[in-house]
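The values are calculated or read from the model by the stated rules, or taken from the named source; none is laboratory data. As the structure is a computational prediction, the values presented were derived from the model and not from experiment. Note that we place each Cβ from the backbone using ideal geometry, even for glycine, and neighbour counts take in every protein chain shown.
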Amino acid sequence: MVSLIFLTWFSLSLGAKEVVICADNWCPYNCEPSSSNPGFMVEIVRESFRLFGSGEKVVYKLLPWTRAMKEARAGTIDGIIGAIDSESVGLHTPSLEQGMMSAQFFTHSKKMWKFSNTSQLKNSKKRVGAVKGYDFDSHIAKFFKENPAQIQYSHGEEALPKLINILRHQRIDTIIEDQAVFWNKVKELKISKNTFRSAGPVGPTKKLYVAFHNKSHAKIVAKGMVALRKSGELKKILKKYNLVDWK
């Protein structure tokens, strides 16, 4: 009897292992952890581990992006949500992406300019807002490095809302952000979408991943992507966030 109780406890202990994934709030990719809609990437990971894991509990927490990347590489947490290739260095990504991003320049609707190149930004002395710690296309990163006086960085878990409110009051000229994230946050802040407009894409669309410290976790999510897409479950998850499959 004692042996049976011990084995039962041991099995439950093994099944209770947590897989902790983190990022700053970047809805609809990852949203409020306590919400019934925590973000479609979070749901993809949870469903993948439900299907192909070994009883692990997927725990999603909010962390500032720079800190999340650092802790994932150190193994303090298990993974980060919404990473592009350059942000996944030192980590393992699934063989299939968990989403696609389209970074755009956003400006106040009263401003009619459209982005063409970084020389335009420099010559017109555009004040550019960006979240600290995000990786940008090489031409944008070069512009940031060479023109620091034109850049306003925002830090922490409320980095994007701060930038949106600054743009709303026209204290900066533009923000660089993923289009789905930007419009989702504008809606969440209860600001009329007519207040802002897109001034054009930063560059080509990019693949997004949940990047893991452990390679086996990345393989589980890769298998999950195939199964969820084939079963139609991925379509159902995305529909909750008013999105469609990018494939």
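Things to note:
- Any hit, region 101-111, residues being of a type in the set (S, T, N, Q), buried (at least 16 other Cβ atoms within 10 Å of the Cβ) and part of a strand (DSSP E or B): yes
- Residue list for region 138-151, restricted to those being buried (at least 17 other Cβ atoms within 10 Å of the Cβ) and touching a residue at least 60 places away in the same chain (Cβ under 8 Å): I140
- When residues in region 208-220 are screened for being surrounded by fewer than 24 Cβ atoms within 10 Å (Cβ to Cβ) and in contact with a helix residue (DSSP H, G or I) (Cβ under 7 Å, 6 or more places away or on another chain), 2 of them pass.
- Only helices (runs of 4 or more DSSP H) whose full extent lies in region 124-242 are considered here, and the ones with at least 3 residues that are in contact with a strand residue (DSSP E or B) (Cβ under 7 Å, 6 or more places away or on another chain) and outside the structural domain of L63 (by TED's automatic domain parsing) are 159-168, 179-188.
- Failed criterion for T93 (all others in (1) closer than 25 Å to L63 by Cβ; (2) out of contact with any His (no Cβ under 9 Å at 6 or more places or on another chain); (3) surrounded by fewer than 16 Cβ atoms within 10 Å (Cβ to Cβ) hold): (3)
- Identity of the residue in region 29-39, buried (at least 22 other Cβ atoms within 10 Å of the Cβ) and in contact with a Leu (Cβ under 9 Å, 6 or more places away or on another chain), that ends up nearest to A74 (Cα to Cα): N30
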